[in-house]
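Below: the structure, in structure tokens.
The values are calculated or read from the model by the stated rules, or taken from the named source; none is laboratory data. Source: prediction; values computed, not measured. All Cβ positions, even for glycine, are placed from backbone atoms using ideal geometry, and neighbour counts span all protein chains on display.
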Amino acid sequence: MKVLVAVKRVIDYNVKVRVKADQSGVELANVKMAMNPFDEIAVEEAVRLKEAGIATEVVAISCGATHCQEQLRTALALGADRAILVETDAAQTENLQSLAVAKLLKAVCDKEQPQLVILGKQAIDDDANQTGQMLAALLGWPQATFASKVVVADGKTTVTREIDGGLETLSIRLPAVVTTDLRLNEPRYATLPNIMKAKKKPMDVLKSAELGVDIAPRLATLKVVEPAKRQAGIKVADVAELVAKLKNEAKVI
Ligand code: AMP
């Protein structure tokens, strides 16, 4: 069984994100980039399926600029067998939206014919939480999002999903799309020997234009602003003062 894993290059989660002065987006120049954390979980799950003898090949795929090869190399060091970069030009990369990525991933799925596609539940840069759902719709495949457990057997996958009220377990037939939640697994670290081996693993580069899909943006960003600063807190002398403030000022009790 072939497993395709989507890997997005995003701002590293440790970086304090700064909004550009013209409010057109966030500052990306000289900022540390990394693999989207939910995609690390997706790669880990695919590699575990391979180690369990269920998957035969794990293919990592990223859509974006040439730099995305860095995150694909990381996926290869974590255990993916090969990688595909769907390269977009600078203007397209700047405004590559979920629908466009879903269309590019669909075109690659048509070629590669995987049985399972694993994506992160959301990318931590735009928090869209859309690509997996859109991909499943475009492919006409079943989907199980927010997975905290994935079992593959007998041409089906049984997925435990994290939902508001608790957990839901779905059984869906393959081929299918699964998106990862935080508790699915704990990704391993890439070891130095595996980082070295990853340099020799195959990486195909496809130009997005070769896939013949329309990736023009459908949404316009009007402006990006920083969240409002939190007001400083105050100290109260005793419980009576706290209760009085909650009652008369905050009006929450
Ligand atoms: P989003 O819908 O943007 O929140 O992203 C959800 C997931 O879709 C991510 O965790 C990735 O697995 C995948 N994805 C989104 N954008 C890309 C991209 N440019 N290249 C590869 N995978 C992506």
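Here are the numbers:
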| read-out | value |
| --- | --- |
| Of all residues making up segment 15-41, the number that are among the charged types (D, E, K, R) and closer than 19 Å to Q71 by Cα | 3 |
| Those residues of segment 70-92 which are more than 16 Å from the chain's Cα centre (by Cα) and polar (S, T, N, Q), in sequence order | T88, Q92 |
| Residue in segment 59-67 that is more than 14 Å from the ligand (Cβ to nearest atom) and either surrounded by fewer than 20 Cβ atoms within 10 Å (Cβ to Cβ) or under 16 Å from G120 (Cα atoms) (or both) present | no |
| Test: residue in segment 28-43 that is farther than 28 Å from K16 by Cβ and buried (at least 18 other Cβ atoms within 10 Å of the Cβ) | no |
| The listed residue being more than 11 Å from the ligand (Cβ to nearest atom), modelled with pLDDT of 95 or more and farther than 25 Å from D181 by Cβ, out of D89, D110 | D110 |
| Hits in segment 145-188 - residues which are over 19 Å from G53 (Cα atoms) and among the polar types (S, T, N, Q) | T145, S148, T160, T169, S171, T179, T180 |
| Residue check for V31: over 24 Å from A153 (Cα atoms), at pLDDT 95 or above and either near the ligand (Cβ under 9 Å from one of its atoms) or in contact with a Cys (Cβ under 6 Å, 6 or more places away or on another chain) (or both) | no |
| Test result for V117, part of a strand (DSSP E or B), more than 8 Å from the ligand (Cβ to nearest atom) and more than 17 Å from the chain's Cα centre (by Cα) | no |
| Which listed residue, of A80, A144, A136, is buried (at least 21 other Cβ atoms within 10 Å of the Cβ), more than 11 Å from the ligand (Cβ to nearest atom) and part of a loop (DSSP other than H, G, I, E, B) | A80 |
| Filter result for V15 (over 25 Å from R183 (Cα atoms), more than 16 Å from the ligand (Cβ to nearest atom), assigned to a loop (DSSP other than H, G, I, E, B) and touching a residue at least 12 places away in the same chain (Cβ under 8 Å)) | no |
